[in-house]
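K.L.:
Got a structure for you, questions after.
The values are calculated or read from the model by the stated rules, or taken from the named source; none is laboratory data. Just so you know, these numbers come straight off a predicted model, no measurement behind them. Using ideal geometry, Cβ is built from the backbone for each residue, glycine included, and neighbour counts are taken over all protein chains shown. Only protein heavy atoms, including side chains, enter the accessible area calculation; ligands, DNA and RNA are left aside. Shrake-Rupley method; radii C 1.70, N 1.55, O 1.52, S 1.80 Å.
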Amino acid sequence: SVGTGPRALGMGSAYVAVAEGSISSYWNPAGLARLEYPEIHLMYSERFAGIVKYNFAVVALPYKSNSGVSFGLMRMGIDDIPNTALKNPGLPVGAIFEDNNGNQIRNTPYVDHTVGDVEYVGYFSYAKKWRENRWIGGNIKIIRKSVGDNSAWGIGFDLGLLMPIYRGLRFGANVQDITSTLIIWDTGNKELISPNLKWGFAYQFQFSNFSILPAFDVDTRFEGRKFAAQQHVGPISFDLHSGVETSYRNVVFLRGG
């Protein structure tokens, strides 16, 4: 749910109906069918004062005249988490004891080893033109998670749609984890990622040298988030995103969201 791409994130994560370029593989894979040339996208981000490292890389290629494919890898992780131990586990913290040489030692914690909390997602995406100015696409996602000595695997699927409605107005939708994504740990524990319906609109205003692209998205979930979301109706919750991009001759851009 973090999102990717400076353009999309700069527009407040309102991108499902914009769906242009290689980052469409995340926001709405249907947009890959509109690729005109190969693209490579690389993103590196640090969060929480550098504690969390976030990376995304994708290669996208046009396929034939009306299709597109991409291969992507996402990583988010906290590395080198100190795992501490006591010098004498049988005594309270701060207690004084003697070692084998008769030296007085205070029982303080020390870093025994470090661990990581890391998540990987590998994407394979395909999209094609469905009808005139109608595009559909999908993702297959392989998920790998690890915390310390334990790890988990999962597989998920996304399905996206992109279509014009009236002149410059476009509608986009992407059902993430459409079948619910099961993640199984080596401990036998299981996690389930529920579907998320991303849908929204974008409208392109084109002038002689300027263009303005406002966009509006809704994340719709069905897992009873209630007050943990911006809006809710019973078990259905809604998180809203809005943004705008202005450009001058398609060279200089200003975005906000």
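K.L.:
On the given criteria, is residue 198 part of a strand (DSSP E or B), among the basic types (Lys, Arg) and in contact (Cβ under 8 Å) with a residue 60 or more places away in the chain?
P.N.:
Judged against the criteria, residue 198 is a match.
Condition check ((1) closer than 17 Å to residue 20 by Cα; (2) touching a residue at least 60 places away in the same chain (Cβ under 8 Å); (3) not in a strand (DSSP E or B)) across all residues:
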| residue | (1), (2), (3) |
| --- | --- |
| 214 | yes, no, no |
| 217 | yes, yes, no |
| 224 | no, no, yes |
| 227 | no, no, yes |
| 237 | no, no, no |
| 241 | no, yes, no |
| 245 | yes, yes, no |
| 250 | yes, no, yes |
| 255 | yes, yes, no |
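K.L.:
In the set 174, 250, which member is open to solvent by 60 Å² or more (accessible area, probe 1.4 Å), polar (S, T, N, Q) and under 25 Å from residue 66 (Cα atoms)? Let's see the steps before the verdict.
P.N.:
Details: 174 fails: open to solvent by 60 Å² or more (accessible area, probe 1.4 Å).
Matching residue, one of 174, 250: 250.
K.L.:
Let me ask something else. Scanning region 157-178 for residues that are over 18 Å from the mean Cα position of the chain (by Cα) and not in a strand (DSSP E or B), which turns out modelled with the lowest pLDDT?
P.N.:
As a first pass, look at region 157-178 and keep what is over 18 Å from the mean Cα position of the chain (by Cα): 161-171.
From what's left, not in a strand (DSSP E or B): 167-168.
Working: 167: 83, 168: 86.
So the residue we want is 167.
K.L.:
Let me spell it out: the conditions are (1) open to solvent by less than 80 Å² (accessible area, probe 1.4 Å); (2) out of contact with any His (no Cβ under 6 Å at 6 or more places or on another chain); (3) at pLDDT 90 or above, and residue 97 meets all of them except one. Which number is the exception?
P.N.:
Going through the list (1) open to solvent by less than 80 Å² (accessible area, probe 1.4 Å); (2) out of contact with any His (no Cβ under 6 Å at 6 or more places or on another chain); (3) at pLDDT 90 or above, residue 97 breaks only (3).
K.L.:
Then there is this: Residue 45 - would you say it is without any contact (Cβ under 8 Å) to a residue 12 or more places away in the chain and not β-branched (Val, Ile, Thr)?
P.N.:
Working: without any contact (Cβ under 8 Å) to a residue 12 or more places away in the chain: yes; not β-branched (Val, Ile, Thr): yes.
For residue 45, the condition - without any contact (Cβ under 8 Å) to a residue 12 or more places away in the chain and not β-branched (Val, Ile, Thr) - is met.
K.L.:
Name the pairs: first residue in region 179-194 and touching a residue at least 24 places away in the same chain (Cβ under 8 Å), second residue surrounded by 11 or more Cβ atoms within 10 Å (Cβ to Cβ) and basic (Lys, Arg), Cβ to Cβ under 9 Å, at least 6 apart or on different chains?
P.N.:
Matching pairs, first to second residue: 181/141; 182/190; 183/145; 183/190; 184/190; 185/145; 191/145; 194/221.
K.L.:
It is to be established whether one or more residues within region 159-170 are open to solvent by less than 20 Å² (accessible area, probe 1.4 Å), within 27 Å of residue 34 (Cβ to Cβ) and in contact with an Asp or Glu (Cβ under 7 Å, 6 or more places away or on another chain).
P.N.:
No, because not a single residue in region 159-170 is open to solvent by less than 20 Å² (accessible area, probe 1.4 Å), within 27 Å of residue 34 (Cβ to Cβ) and in contact with an Asp or Glu (Cβ under 7 Å, 6 or more places away or on another chain).
K.L.:
Which of the residues that make up region 205-247 are among the β-branched types (Val, Ile, Thr), farther than 21 Å from residue 169 by Cβ and surrounded by 13 or more Cβ atoms within 10 Å (Cβ to Cβ)? Walk me through it before giving the result.
P.N.:
Kept after step one, since they are among the β-branched types (Val, Ile, Thr), are these residues of region 205-247: 212, 218, 220, 233, 236, 244, 246.
If we keep only those that are farther than 21 Å from residue 169 by Cβ as well, we get 233, 236.
Within region 205-247, 236 is the sole residue that qualifies.
K.L.:
I would also like to ask the following. How many residues, within region 8-60, are open to solvent by less than 50 Å² (accessible area, probe 1.4 Å) and under 28 Å from residue 169 (Cα atoms)?
P.N.:
Applying the first criterion (open to solvent by less than 50 Å² (accessible area, probe 1.4 Å)) to region 8-60 yields 8, 10-19, 21-33, 35, 39, 41, 43, 45, 50, 52, 54-58, 60.
Narrowing the set further to residues that are under 28 Å from residue 169 (Cα atoms) leaves 8, 10-19, 21-33, 35, 39, 41, 58, 60.
The number of residues fulfilling the criteria is 29.
K.L.:
For region 24-42, which positions are touching a residue at least 40 places away in the same chain (Cβ under 8 Å), touching a strand residue (DSSP E or B) at 6+ places or on another chain (Cβ under 6 Å) and more than 21 Å from residue 144 (Cβ to Cβ)? Don't jump to the end; show me each part of the working.
P.N.:
Quick first cut of region 24-42, residues touching a residue at least 40 places away in the same chain (Cβ under 8 Å) only: 24-34.
Cutting the leftovers down to touching a strand residue (DSSP E or B) at 6+ places or on another chain (Cβ under 6 Å) gives us 25, 28-33.
Residues satisfying the conditions are 28, 30, 31, 32, 33.
K.L.:
Looking at residue 186, is it buried (at least 16 other Cβ atoms within 10 Å of the Cβ) and either touching a Leu at 6+ places or on another chain (Cβ under 7 Å) or modelled with pLDDT of 95 or more (or both)? Can you show your working first?
P.N.:
On the way: buried (at least 16 other Cβ atoms within 10 Å of the Cβ): no; either touching a Leu at 6+ places or on another chain (Cβ under 7 Å) or modelled with pLDDT of 95 or more (or both): yes.
No.
K.L.:
Does region 108-154 hold any residues that are open to solvent by 60 Å² or more (accessible area, probe 1.4 Å), among the aliphatic types (A, V, I, L, M) and closer than 28 Å to residue 184 by Cα, and which are they?
P.N.:
140, 142, 147
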